[in-house]
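Engineer: Dumping the structure here so I can ask a few things about it.
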């Protein structure tokens with residue numbers, strides 16, 4: 001498609017002489033702009049993908065795809081309902097649980113928390129908890145006086161394994177003198193750290209039998225957690241459960257419970273993509289300006305080539321190659337830089353934090369303790385193609401202008 005002569009002339013024009021240094025500088029800035037735009041877009045999209053996936057993994061690892069509630073606050077016949085739900089196609093597991101808010105106190109320190117109660121064997125099956133026990137053991141998660149809590153919550157309360165923690169329930173005991181808060185001390189037998197700040201700093205796990213006594217739900221639970229084959233099909237599975245139970249329960253799926261959160265992430269992701277695309281677009285305009293200046297500077301050379309037999313098509317291809325080369329090199333450089341940065345992003349974050357002494361990814365704000373990044377091959381291909389397309393389009397007008405140059409006019413004004 002392109003002759004050896006066209007390649008030779010295009011590459012020669014890219015190697016500007018001293019008097020053409022300003023044009024060369026603009027071309028280099030164009031290349032740098034495209035490289036940074038492509039790299040930044042790949043990095044930001046990968047971080048947003050990683051952020052969503054990590055949150056989704058942790059949320060769905062700790063919470064069921066569906067929550068089934070009774071018609072009242074207490075679900076008494078929960079084992080029978082669980083058996084019915086397990087017969088539905090697509091259901092993987094059904095776990096009875098009790099959930100309630102409490103105040104935790106120890107050594108004069110008080111923190112709010114959420115108690116979740118499971119049978120010991122059910123909690124052991126939650127890999128996100130059982131595989132992230134930092135201190136203590138789930139072997140002691142039994143009886144009526146033992147609890148497991150998040151590591152950050154234990155640090156706030158200043159407690160260690162074996163220490164006592166007092167739980168205060170907002171639903172107090174009614175006496176002749178008014179409502180008295182319900183207090184009970186429990187022994188800490190384990191701490192976990194799943195890497196999500198909200199859970200590590202507020203969640204407490206208690207054996208189901210102990211929670212039934214503490215929350216005064218004898219022989220009952222607050223809800224059933226249901227895991228299906230695919231979290232994306234949770235709404236359809238919820239409809240099947242409603243039909244099966246025929247009005248005996250209410251069903252909430254994870255998408256409805258976290259809709260605003262994940263919608264906000266998606267909107268932010270789309271806006272970031274649009275804003276960062278403008279960086280590549282600005283770099284493409286720089287290619288246009290540098291190529292127009294190159295065409296103006298090379299007017300005499302174009303006229304000489306035309307008089308020697310070069311066609312308008314050849315002249316157009318020469319300048320197209322010169323401009324496209326800047327775009328191709330810049331896009332490939334951005335592609336390599338973006339993937340390299342994304343692959344080592346956590347190490348780079350730690351290095352910058354050590355150098356500056358600042359926390360670049362506070363767990364209190366971003367929920368996660370590490371900076372995640374997941375490269376989507378489809379998105380990377382889209383970014384690369386967009387960079388190449390904008391670069392090629394930016395060279396069309398200057399190339400067409402060079403091809404339309406009149407040799408006689410160009411030589412007359414030289």
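Engineer: Every residue in segment 181-206 that is surrounded by fewer than 21 Cβ atoms within 10 Å (Cβ to Cβ) and part of a strand (DSSP E or B), please.
Structural biologist: Of everything in segment 181-206, those that are surrounded by fewer than 21 Cβ atoms within 10 Å (Cβ to Cβ) and part of a strand (DSSP E or B) turn out to be 181, 182, 183, 184, 185, 187.
Engineer: Right, next: Taking residue 142 as meeting all but one of (1) surrounded by 17 or more Cβ atoms within 10 Å (Cβ to Cβ); (2) part of a loop (DSSP other than H, G, I, E, B), write down the number of the exception.
Structural biologist: Every condition holds for residue 142 apart from (1).
Engineer: Still on this structure, please answer the following. Given the criteria surrounded by 14 or more Cβ atoms within 10 Å (Cβ to Cβ), at pLDDT 80 or above and in contact with a helix residue (DSSP H, G or I) (Cβ under 7 Å, 6 or more places away or on another chain), does residue 218 qualify? It would help to see each step written out before you state the result.
Structural biologist: Values: surrounded by 14 or more Cβ atoms within 10 Å (Cβ to Cβ): no; at pLDDT 80 or above: yes; in contact with a helix residue (DSSP H, G or I) (Cβ under 7 Å, 6 or more places away or on another chain): yes.
It is false that residue 218 is surrounded by 14 or more Cβ atoms within 10 Å (Cβ to Cβ), at pLDDT 80 or above and in contact with a helix residue (DSSP H, G or I) (Cβ under 7 Å, 6 or more places away or on another chain).
Engineer: Still on this structure: Restricting attention to segment 145-155, which residues are assigned to a helix (DSSP H, G or I) and under 22 Å from residue 220 (Cβ atoms)? Steps first, please.
Structural biologist: In the first step, residues of segment 145-155 are kept if they are assigned to a helix (DSSP H, G or I); the result is 151-155.
Scanning segment 145-155 gives no hits.
Engineer: Can you name the condition, by its number, that residue 11 falls short on among (1) in a helix (DSSP H, G or I); (2) modelled with pLDDT of 70 or more?
Structural biologist: (2)
Engineer: With respect to residue 227, determine if the residue is touching a strand residue (DSSP E or B) at 6+ places or on another chain (Cβ under 9 Å) and either without any contact (Cβ under 8 Å) to a residue 12 or more places away in the chain or more than 22 Å from residue 125 (Cβ to Cβ) (or both).
Structural biologist: On the way: touching a strand residue (DSSP E or B) at 6+ places or on another chain (Cβ under 9 Å): yes; either without any contact (Cβ under 8 Å) to a residue 12 or more places away in the chain or more than 22 Å from residue 125 (Cβ to Cβ) (or both): no.
When the stated conditions are applied, residue 227 does not pass them.
Engineer: Condition test on residue 330, is it crowded, with 19+ Cβ neighbours inside 10 Å and modelled with pLDDT of 80 or more?
Structural biologist: yes
The values are calculated or read from the model by the stated rules, or taken from the named source; none is laboratory data. It should be emphasised that the depicted structure is a prediction, and the values quoted were computed from it without experimental measurement. Every residue, glycine among them, receives a Cβ derived from its backbone with ideal geometry; neighbour counts consider all protein chains shown.
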